[in-house]
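The values are calculated or read from the model by the stated rules, or taken from the named source; none is laboratory data. All figures in this text were calculated on a predicted structure; none of them were measured in a lab. Ideal geometry is used to build each Cβ from the backbone, glycine not excepted, and the neighbour counts take in all protein chains shown. Heads up: the accessible areas ignore ligands, DNA and RNA and are worked out on the full protein's heavy atoms, side chains in. Shrake-Rupley method; radii C 1.70, N 1.55, O 1.52, S 1.80 Å.
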Amino acid sequence: MKPRPMTLLIAAGAALVVRRAVRRRIQGSPLWPMPALDPPVSGQPRSRALRLLVTAHERIADGVVRVRLEGHDLPRWEPGAHLDVVLPSGLVRQYSLCGDPEDTSSYTVATRLVEDGRGGSREMHEQVQEGTELEVRGPRNRFPLVEAPSYVFVAGGIGITPVLPMLRALPEGTEWRLLYCGRTRASMPFLEEVRKLDPGQERITVVPEDEDGRPGLDAFLADVPEDAAVYCCGPEGLMTAVEERLPKGAALHLERFAPRTAAGGDGEFEVELRRSGRTLTVAAGSSVLAAVRAELPNTPYSCEQGWCGTCQQRVLEGEIDHRDELLTDSERGDSMLICVSRARGERLVLDM
Amino acid sequence: MSNTQPRLPRPVESERIPLRARKVSFSWEDTPLHWVPGDPFTTHTINVLHLLLPAGERWFVHVYKQVLPYIRDERLREDVIGFIGQEAMHSQAHDAVLPHLKDQGLDPTPYTAQVDWLFEKLLGDRTLPPGRPRRWWLMERVALIAAIEHYTAFLGDWVLNAGELDRRGADPTMLDLLRWHGAEEVEHRSVAFELFLHVDGSYARRVRTWATAFTALVFLWQRGTRFFMENDPTLIDGRATFKEFHRRGRRGLLPSTGAVIRSVPRYLSHSYHPSQEGSTEQAVAYLATSPAALAAEKSRESAA
């Protein structure tokens, strides 16, 4: 049967109309007729590698350099945040941000040369200079400023870096005080900046050891109000001393210069797997993953170094010592990568 | 039953190596919008990878985490663990390109939000009764992944050999991302298929899921290229046509139409095994010189 010209015309016309209608829909919705996921997941990477230019590299105290890294449209940060800096040799080091959080065109960090360190600070001091390009990741915050009626800060030497933006961010009229100690006055960075924040000079105690001896922690911490938030950043010894002098249960926030290594914090702790009703012990130097796998051999994992994210698990109770390089601050609230992260206390409860 | 011996998949044993994820990172500040200079069509056709892979490879990981309890072979389990880490890293690496596109005025969100829906909802864990229905849906997805991996290995092998891109002066960072990814796809090309054979292996399922995956890939790809061409702020009348694709294929800037068609019967052959395609040696050789993979190696050593 031969189709009639009229039929052909109608069919062609209908095809054109459909084509135009589909085109119009695709313009607004590229994968029409699929709906979109709300909120979307892709396109918001957890950490973006940024390549920033060092535009200032200056000595601001004995053994301390301040480094300004410039870029554009940089992510904002909250006081207490740090950057992961990839040094030219490939070493990755964390540095607290100590500039202005609102500045989206540059980041500022300061670093002290550690003579017998692991090489990162030496590289930052000697290899990095104006004009060097550095890759950074972050910023991330594991030392966030919580809301509290009053604040007590203890900073040791370069440990002043995360504290400085905190002091600047405190609302007018907040009650706070700071004990800032160091080996010598000349080795203590940002003394001027800190002083400017306290025109009356009543809130700040500066203790250079060569002049005044050991800081009087007992006196300084004797009358800490019960509801005060206490922030301490400095050498391990200083932080232990502060920890010992505070009553148990005080809101103490610590920021370590380096992740606690085998000597300090790879101790034993207990993990309860709530859903499967088992309790196990994570031996010193071993991982949560290893202990869990012994009980639940089908537990997913892969890289075992804290960056692929496969072993992320929900944490129901217990304070987490995050050692991964992946999770966002909000994910850190209630989950952990069990291949590298550990308990801060003696016990964790996992939802598995 | 037939009395002839079935033709079994023959793996090429020399192509097997232990798998390990590499932690790479790329910075995109210096990569131009048209990273194949003067050729937006080629750029955007390849850019579709950045739209599909973040959600797609996240979904691979999600499915494979659930299949671990079904694996009864230790060596295969180790391969799957290595595969999961590599896929997780691929997803992260491509995801990091998306904000860069947005910075350059080409916001990919309308498209990626729909791809997210496809993988998170349509292909996600449906509310099924435990037991057979749940297992059926898991096996269906495992077979889908095996079919998709046939094409990722095909593309990986292609990009490792796409010398024309170098000759056209394509951006070195983008080429390194594509070739690092391609090399790992070639390196782990047998895992998804072997897993499918191990847990199910039904031929009907292989054909069915291949048809779904192939149709979906063609659909997603043509819509993706079209989306980029139409929304590219530097193009006045950007269009994507099949003719353009075919022409680029002949010049070696994209996979050729013929090669795509020839890959179909290979996957559907009864004796197919991914190790018969591509070269592990070439993949490993690239990974030994890739700037991103070398940096990953360095930071692994410094961490150890």
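For the criterion of being under 20 Å from B:LEU235 (Cα atoms), away from chain A (no Cβ under 11 Å) and either without any contact (Cβ under 8 Å) to a residue 60 or more places away in the chain or hydrophobic (A, V, I, L, M, F, W, C) (or both), B:TRP35 passes. If you go through segment B:4-24 one residue at a time, do you hit one that is within 29 Å of A:LEU31 (Cα to Cα), open to solvent by 40 Å² or more (accessible area, probe 1.4 Å) and in a helix (DSSP H, G or I)? No, that holds for no residue. Name the single residue, out of those in segment B:46-64 being more than 10 Å from chain A (Cβ to nearest Cβ) and either of a type in the set (A, V, I, L, M) or closer than 17 Å to A:THR299 by Cα (or both), that is most open to solvent (accessible area, probe 1.4 Å). Filtering segment B:46-64 for residues that are more than 10 Å from chain A (Cβ to nearest Cβ) and either of a type in the set (A, V, I, L, M) or closer than 17 Å to A:THR299 by Cα (or both), the one most open to solvent (accessible area, probe 1.4 Å) comes out as B:LEU49. Within segment B:96-112, the set of residues being open to solvent by 10 Å² or more (accessible area, probe 1.4 Å), in a helix (DSSP H, G or I) and either closer than 19 Å to A:LEU31 by Cα or at pLDDT 95 or above (or both) comprises B:LYS102, B:THR109, B:PRO110. Inspection of segment B:131-144 finds no residue satisfying the criterion of being under 24 Å from B:GLU13 (Cβ atoms), open to solvent by less than 10 Å² (accessible area, probe 1.4 Å), within 8 Å of chain A (Cβ to nearest Cβ) and in contact with a Phe, Trp or Tyr (Cβ under 7 Å, 6 or more places away or on another chain). Taking A:LEU221 as meeting all but one of (1) crowded, with 18+ Cβ neighbours inside 10 Å; (2) touching a residue at least 24 places away in the same chain (Cβ under 8 Å); (3) within 24 Å of A:GLN94 (Cα to Cα), write down the number of the exception. The one condition A:LEU221 does not meet is (3). Within segment A:34-56, residues that are within 17 Å of B:LEU98 (Cα to Cα) and at the interface with another protein chain (Cβ under 7 Å from one of its Cβ atoms) sit with their Cβ atoms under 9 Å from residues that are assigned to a strand (DSSP E or B) and open to solvent by 40 Å² or more (accessible area, probe 1.4 Å), at 6+ positions apart or across chains, in these pairs: A:ARG51/A:GLU133.
Each residue in segment A:336-352 was checked for being of a type outside the set (A, V, I, L, M), more than 14 Å from every other protein chain (Cβ to nearest Cβ) and surrounded by 19 or more Cβ atoms within 10 Å (Cβ to Cβ), and 2 pass. Looking across segment B:123-169, the residues that are among the charged types (D, E, K, R) and out of contact with any Asp or Glu (no Cβ under 8 Å at 6 or more places or on another chain) come down to B:ASP125, B:ARG126, B:ARG132, B:ARG134, B:ARG135, B:GLU140, B:ARG141, B:GLU164, B:ASP166, B:ARG167. Screening A:ASP116 on (1) without any contact (Cβ under 8 Å) to a residue 60 or more places away in the chain; (2) in a loop (DSSP other than H, G, I, E, B); (3) surrounded by 14 or more Cβ atoms within 10 Å (Cβ to Cβ) shows it passes everything except condition (3). Taking each residue of segment A:1-29 that is within 14 Å of chain B (Cβ to nearest Cβ) and looking for partners that are assigned to a loop (DSSP other than H, G, I, E, B) with beta-carbon atoms closer than 9 Å, six or more apart or interchain, yields A:VAL22/A:TRP32; A:ARG25/A:TRP32; A:ARG25/A:PRO33; A:ILE26/A:TRP32; A:SER29/A:PRO35; A:SER29/A:ALA36.
Counting residues in segment A:311-324 that are open to solvent by 30 Å² or more (accessible area, probe 1.4 Å), farther than 19 Å from A:GLN94 by Cβ and in contact with a helix residue (DSSP H, G or I) (Cβ under 7 Å, 6 or more places away or on another chain) gives one or more.
Quick one: B:HIS246 ticks every box in (1) touching a helix residue (DSSP H, G or I) at 6+ places or on another chain (Cβ under 9 Å); (2) within 14 Å of chain A (Cβ to nearest Cβ) except a single one, so which number is it? In the conditions (1) touching a helix residue (DSSP H, G or I) at 6+ places or on another chain (Cβ under 9 Å); (2) within 14 Å of chain A (Cβ to nearest Cβ), B:HIS246 misses (2) alone.
Listed by position, the helices (runs of 4 or more DSSP H) enclosed by segment B:114-225 that each have at least 1 residues that are farther than 23 Å from B:SER25 by Cα are B:132-160, B:163-167, B:191-199. Checking each residue of segment B:275-297 against the condition of being closer than 19 Å to B:ASP157 by Cβ, free of Cβ contacts under 8 Å to residues at least 40 places away in the same chain and open to solvent by less than 20 Å² (accessible area, probe 1.4 Å) gives no match. Of all residues in segment A:281-297, those that are open to solvent by 50 Å² or more (accessible area, probe 1.4 Å), in a loop (DSSP other than H, G, I, E, B) and free of Cβ contacts under 8 Å to residues at least 12 places away in the same chain total 1.
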